[in-house]
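For reference, the structure discussed in these notes is given below.
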Amino acid sequence: MAKVTLKGLSHSYLKTQSSDADWAIRGVDIDWNDGGAYALLGPSGCGKTTLLNIISGLITPTKGDILFDDKVISGLSPVERNIAQIFQFPVIYDTMTVYDNLAFPLRNRKIPEEEIKVKVHEIAEMLELSSTLNNRASGLTADGKQKISLGRGLVRSDVNAIMFDEPLTVIDPHLKWILRSKLKELHQKINRTMIYVTHDQTEALTFADQVVVMHEGQIVQTGTPVDLFEKPKHTFVGYFIGSPGMNVLPCQIKGNDVIVNGKKIETHQKIKKSNFIKTEVGVRPEFISFSNEGIPVKVLSVSNTGRHKIIDTESETGKIKIIAKSSEDIPSGTAFLKFKKEYTFTYGDSWIIE
Amino acid sequence: MNKTVNQKAWFFVIPVFVLVAFNAIIPLMTVVNYAFQETFGNNVFMWEGTRWFKQIMLSERFHASLGRQFLFTFIILFIQIPLGIAIALTMPKEGIGVPVCLVLMSMPLLIPWNVVGAMWNIFALPDIGFLGHSLNALGFDYNFTQQIGDAWFTTILMDVWHWTSLVVLLSYAGLRSIQPAYYQAAEIDGASRWAVFTKIELPKMKKVLTIAILLRFMDSFMIYTEPFVLTGGGPGNATAFLSIDLVKMALGQFDLGPAAAMSLIYFFIVLLVCWVFYTLMMRNEAKQ
């Protein structure tokens, strides 16, 4: 039950750092409100687990501060920070029963047995573990074990934040859905700050109110799922989120005009200046349509997913994917594309030009 | 799917059968032969039935050496297992310390058994040995060749020195296989160091510890060379463990019948204890 703030946080696993690549995390600033559900989204190795372990206190950052409710807690141990963390692989205490597993964090904090009993039964009820409370924990299936891990994180009512480190990796797909909605439900019930790390966009977008996208140790964008989809601030967000991802094409900027494949196109922003090394235009496949004029392309293939068609086309400077309605007629051979102006953005050195 | 019946395949089993026959079955059958018969040489045998077995089972001497054997084995297990785990827990987990510790730990295991016996014999001699002389200089009345307590003390110390490393290496391997997430979760759950040890480390080490206890039980129960070189079973019969007593009977007194019967009883005790121990340890596993 706390606001989590990260200020100028950087971390490196090396003793000396010579280039950006030596940093696992670079200059991270975050404000997470009390009671929010947040997701940290990014590919493997982007530093999201490192960031999580820094917040929980398992790793001491090289630079920067961590604040809970505006109090600096950088030097405190995980116990003193009073957070809960659930790991990628279920961690259970083999020799204990399910009940004892759930009671363990409370017993370590010397809470009276009667209180523990009430709390454990309440959590077991939520996670549908009541019928197995007296069983040995080691006998359960992977999802049962992960539920215990979740339960141990949720059982303490006074935690500052609950953190999840890709907790559904080892769970079967159909159980994933159930557990994920369970988590969402729990968040609404207990209303505590939850931080959820994942590389799966569906998980992040369904769980969180605010998604933080990480790329090579940096935060590239924070926003609601809709923001991330409709206005990616970095080309990485564009192609990491969405299926298929955003089309990114090289462009030239001449004065105030954006030129792709020799054609002037309209984008969302007004371009005032350009001193970038690399300039690109990004547009999602959802926001491209066939037209009588525009960017000339060659249609390569059409695949029908049932709900919609995905069309692969080739332009002078690269491939462009288009999503069209299942019922739409697709021209063959040469065609022309029109980009929806509001959803077409110009990027300078991978960052959106404001 | 039906399997084809082809009895010719048995021919392929013959080489293995012959090998096993020569290195195990035939020698064992010789012992069985002696155990049920009396011989005065010249390949003349007389049937004695279970006489030697009865004699051994009722003999005070056998009871005494069996008692000494169990006492010795329990003492060294009681010292080596906890000590081995304790050392493994304090060993470094990364860096240059790891190979250094591993090599140092393996050293005693690489020394031939009779050399270990000879080393400790000289080391412990009361007049010239470093250990014996030092103890006497410090005011202890120490003489392992004369005093029963000192002989036991030296034998146990030698075995602990020689074999604790095995327990250390097995425990260390078990400890290293524990995922870091377990320690992190325990830290977040607020577990004490003792709780981490009893709730995570010990349960995760259970399998390797079962193997360590089994190996140390079998080896110490069949121990021969080291005490033979160190004390020769003395003073008197004070450190004459089962195998030392057995060799005395078979080769010293040339009582082949009783010695053969004793070998078989010895063999069955080892088998029985190992089986009972293993079944008990694994029964819990099956329940889970």
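The values are calculated or read from the model by the stated rules, or taken from the named source; none is laboratory data. The model shown is predicted, which means the values in this text are computed figures rather than measured ones. Cβ atoms come from the backbone with ideal geometry, glycine included; neighbour counts cover every protein chain shown.
Considering only residues that are modelled with pLDDT under 80 and of a type in the set (A, V, I, L, M, F, W, C), look in region A:153-177 and name the one that is surrounded by the most Cβ atoms within 10 Å (Cβ to Cβ).
Ranking the qualifying residues of region A:153-177, first place goes to A:171.
Every residue in region A:34-90 that is of a type in the set (S, T, N, Q) and within 28 Å of residue A:224 (Cβ to Cβ), please.
A:44, A:49, A:50, A:53, A:56, A:85, A:88
Which one of these is more than 27 Å from residue B:109 (Cα to Cα), in the same structural domain as residue B:245 (by TED's automatic domain parsing), assigned to a helix (DSSP H, G or I) and modelled with pLDDT of 90 or more: B:152, B:194, B:163?
Only one candidate qualifies: B:194.
Among the candidates B:54, B:93, single out the residue that is assigned by TED's automatic domain parsing to the domain that holds residue B:270, out of contact with any Cys (no Cβ under 6 Å at 6 or more places or on another chain) and of a type in the set (Lys, Arg).
From the options B:54, B:93, the qualifying one is B:93.
Go through A:341, A:298 for me and flag whichever is assigned by TED's automatic domain parsing to the domain that holds residue A:262 and touching a residue at least 60 places away in the same chain (Cβ under 8 Å).
Just one listed residue meets the conditions, A:341.
Restricting to region A:296-327, name every residue that is at pLDDT below 85 and closer than 22 Å to residue A:230 by Cβ.
A:305, A:307
Checking residue A:312 against (1) assigned to a strand (DSSP E or B); (2) among the acidic types (Asp, Glu); (3) out of contact with any Ser or Thr (no Cβ under 9 Å at 6 or more places or on another chain), which single condition isn't satisfied?
The number of the failed condition is (3).
Taking region B:99-141 only, how many residues are in a helix (DSSP H, G or I), of a type in the set (A, V, I, L, M) and touching a helix residue (DSSP H, G or I) at 6+ places or on another chain (Cβ under 9 Å)?
The number of residues fulfilling the criteria is 13.
Identify all residues within region A:176-226 that are touching a Leu at 6+ places or on another chain (Cβ under 6 Å) and charged (D, E, K, R); write none if there are none.
A:176
From the list A:75, A:45, A:57, pick out the single residue that is crowded, with 21+ Cβ neighbours inside 10 Å and under 30 Å from residue A:27 (Cα atoms).
When all the criteria are applied, what remains is A:57.
Each row is one residue, and each column tells you yes or no for (1) more than 16 Å from the chain's Cα centre (by Cα); (2) charged (D, E, K, R).
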site: A:15; (1), (2): yes, yes
site: A:22; (1), (2): yes, yes
site: A:40; (1), (2): no, no
site: A:43; (1), (2): no, no
site: A:48; (1), (2): no, yes
site: A:55; (1), (2): yes, no
site: A:68; (1), (2): yes, no
site: A:71; (1), (2): yes, yes
site: A:80; (1), (2): yes, yes
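Say we look at region B:132-147 and pick out the residues that are free of Cβ contacts under 8 Å to residues at least 12 places away in the same chain and under 21 Å from residue B:116 (Cβ atoms); which of these is surrounded by the most Cβ atoms within 10 Å (Cβ to Cβ)?
Going through the qualifying residues, I end up with B:135.
Kindly provide the set of residues from region A:315-336 that are within 31 Å of the chain's Cα centre (by Cα) and part of a strand (DSSP E or B), ordered by number.
A:318, A:319, A:320, A:321, A:322, A:323, A:324, A:325
What number of residues within region B:192-216 are more than 9 Å from every other protein chain (Cβ to nearest Cβ), within 31 Å of the chain's Cα centre (by Cα) and among the charged types (D, E, K, R)?
So the answer is 3.
Within the set of pairs 6 or more residues apart or between chains, which connect a residue that is within 21 Å of residue B:256 (Cβ to Cβ) inside region B:5-32 to a residue that is of a type outside the set (A, V, I, L, M, F, W, C) with Cβ atoms less than 6 Å apart?
Qualifying pairs under 6 Å: B:31/B:263.
Which residue pairs have Cβ atoms under 7 Å apart, sit 6 or more places apart or on different chains, and have a first residue in region B:148-163 that is crowded, with 17+ Cβ neighbours inside 10 Å and a second that is of a type in the set (Lys, Arg)?
From residues that are crowded, with 17+ Cβ neighbours inside 10 Å, the pairs are B:163/B:216.
Residues are listed down the side, and each one gets a yes or a no for (1) within 26 Å of residue B:148 (Cβ to Cβ); (2) modelled with pLDDT of 90 or more; (3) crowded, with 17+ Cβ neighbours inside 10 Å:
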position	(1), (2), (3)
B:206	no, no, no
B:209	no, yes, yes
B:213	no, yes, yes
B:216	yes, yes, yes
B:221	yes, yes, yes
B:233	yes, no, yes
B:251	yes, no, no
B:268	no, yes, no
B:274	no, no, no
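Does region A:139-152 include one or more residues that are in the same structural domain as residue A:52 (by TED's automatic domain parsing) and more than 31 Å from the chain's Cα centre (by Cα)?
yes
Before we move on, is residue A:180 within 12 Å of another protein chain (Cβ to nearest Cβ) and in a helix (DSSP H, G or I)?
In short, no.
Could we say that residue A:25 is farther than 19 Å from residue A:203 by Cα, crowded, with 21+ Cβ neighbours inside 10 Å, within 14 Å of chain B (Cβ to nearest Cβ) and aliphatic (A, V, I, L, M) here?
no
Residue under question is residue B:83, and the condition is that it be in contact with a helix residue (DSSP H, G or I) (Cβ under 9 Å, 6 or more places away or on another chain) and at pLDDT 95 or above; does it hold?
yes
If we keep just the residues of region B:140-191 that are away from every other protein chain (no Cβ under 14 Å) and of a type in the set (Phe, Trp, Tyr), which is farthest from residue B:127 (Cα to Cα)?
The residue in question is B:172.
Inspect all residues belonging to region A:164-175 and state whether any of them is touching a residue at least 40 places away in the same chain (Cβ under 8 Å) and either in a helix (DSSP H, G or I) or touching a Lys or Arg at 6+ places or on another chain (Cβ under 8 Å) (or both).
Within region A:164-175, not a single residue is touching a residue at least 40 places away in the same chain (Cβ under 8 Å) and either in a helix (DSSP H, G or I) or touching a Lys or Arg at 6+ places or on another chain (Cβ under 8 Å) (or both).
Here are A:141, A:95, A:132: which of them is polar (S, T, N, Q), free of Cβ contacts under 8 Å to residues at least 40 places away in the same chain and crowded, with 17+ Cβ neighbours inside 10 Å?
A:132
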